[in-house]
Amino acid sequence: MVGNEFFGNFDLASAAIWMFWIFFALLVYYLQTENMREGYPLEADDPSGSAHRGLFPLPGDKTFHLPHGRGDVTVPSGQRGDRAKLALEATSDATGSPFVPTGDPMLAGVGPGAWAPRQDHAELDAHGHAKIKPMSQLDDFHVSAGRDPRDKPVVAGDGEVIGRINDMWIDVPEQMVRYLTVDLNPEGTGQTRLIPINFCKINDDRVTVRSIYGANFAAVPQHKAASEITLLEEEKIMAYYGGGTLYADPARSEPKL
């Protein structure tokens, strides 16, 4: 028979299962090393110690050619200077002790207010256009359902009325509202700030923002361009409101029993 003459006593089923396990092990190795292109190498909480590098080594550099003339990105870069600059200090020398922010916790960029150093350019759609734009510059968009927040007063977490909504920022491909523009002085001084839509509650007569207080709105990070917002600017704005959920009022960080 063919099996006896060609393969002899060779076990095809055993070979198949071993080939599967070898393939699976190589797949796990590949996926894990590719996953380590960002955020690695890890660092220990104690700067004097060395972090455990783990079972898998860092992958070799890979260069990605970005579309729309955005240049090239090579990862992993091997540079982790961001960790050393965090405005944090340990509450004790014991390993695993909690960290507390130093300076102004709302602007420290840590805890609930942490942000990532994303690229300082606008996110683009498939055609190379900025995805998020103010609705006042989009002739094809209008509010077709729900409450229109424009011209409604904005009430902060402490009950203070800090301004009035005068525009919305739309994610054009997704057709979703991402931010609201609040004029901190409705008389027309041009002091505007963006409010992420997920931090707003739009009522019939007001827009409520509970995460930060009235005194915090002046320090909300601003965006440079009038017609677009960069990824880095989005990170910092979202982080500021996120940080306010814990740091806007010292009572919020106290233990609750």
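With every protein chain in place and a 1.4 angstrom probe, the accessible-area ranking of Trp21, Trp169, Trp115, largest first, reads Trp21, Trp115, Trp169. Give me the angle, in degrees from 0 to 90, between the Cα long axis of helix 12-35 and the longest principal axis of the Cα atoms of the chain, rounded to the nearest 10. The helix 12-35 is inclined about 30 degrees to the chain. In this simple spin-label approximation, Val75 and Ala114 carry label points 7 Å from Cα along the Cα→Cβ vector, and these lie 1.7 nm apart. Counting protein heavy atoms only, segment 144-239 has 44 percent of its accessible area on carbon and sulfur, 1.4 angstrom probe. Out of these labelled values of Rg/Rh (Cα atoms, Kirkwood Rh), (1) 0.93; (2) 1.14; (3) 0.96, which was calculated from the coordinates shown here? Among (1) 0.93; (2) 1.14; (3) 0.96, the one derived from this structure is (2).
In segment 113-257, taking the dipole from charged Cβ atoms about the Cα centre, the farthest positive-side position among Tyr179, Gly159, Met135 is held by Gly159. Identify the residues of segment 139-175 with backbone N under 14 Å of a label point that sits 7 angstrom from the Cα of Asn203 along the Cα-to-Cβ direction, or state none. The answer is 152-162, whose backbone nitrogens lie closer than 14 Å to the label point. Other residues within the sphere of radius under 12 Å centred on the Cβ of Gly159, judged by their own Cβ, net out at 0 (K and R +1, D and E -1).
Computed from label points 7 Å out along Cα-Cβ, the spacing between Asp61 and Asn9 is 5.4 nm. Neighbours of Gln175 by Cβ distance under 13 Å: Lys/Arg scored +1, Asp/Glu scored -1, total -1. Here's the picture: a label point sits 7 Å out from the Cα of Gln191 along the beta-carbon direction, and within segment 205-240 the residues with their amide nitrogen under 12 Å of it are 215-220.
Rounded, prolate or oblate: which one fits segment 109-221, using the alpha carbon gyration tensor with axes a ≥ b ≥ c (rounded when a/c is under 1.5, else prolate when a/b beats b/c, else oblate)? Oblate is the answer for segment 109-221, as a/c is 1.5 or above yet b/c matches or exceeds a/b. Between Ile132, Ile202, Ile165, the Gaussian network model of the chain with springs among Cα atoms under 10 angstrom shows the greatest mean-square fluctuation at Ile202. Take the chain, connect every pair of alpha-carbon atoms lying under 10 Å apart with a spring to form a Gaussian network, then pick out the residue of Ser136, Ser144, Ser211 with the largest mean-square fluctuation. Ranking Ser136, Ser144, Ser211 by mean-square fluctuation puts Ser144 first. The solvent-accessible area of Lys201, taken with every protein chain present and a 1.4 Å probe, is close to 130 Å².
The values are calculated or read from the model by the stated rules, or taken from the named source; none is laboratory data. Predicted model only: the values in this text are computed from it and were never measured. With ideal geometry, Cβ positions are generated from the backbone for all residues, glycine too; neighbour counts draw on all protein chains shown. Heavy atoms of the whole protein, side chains included, go into the accessibility calculation; ligands, DNA and RNA do not. Shrake-Rupley method; radii C 1.70, N 1.55, O 1.52, S 1.80 Å.
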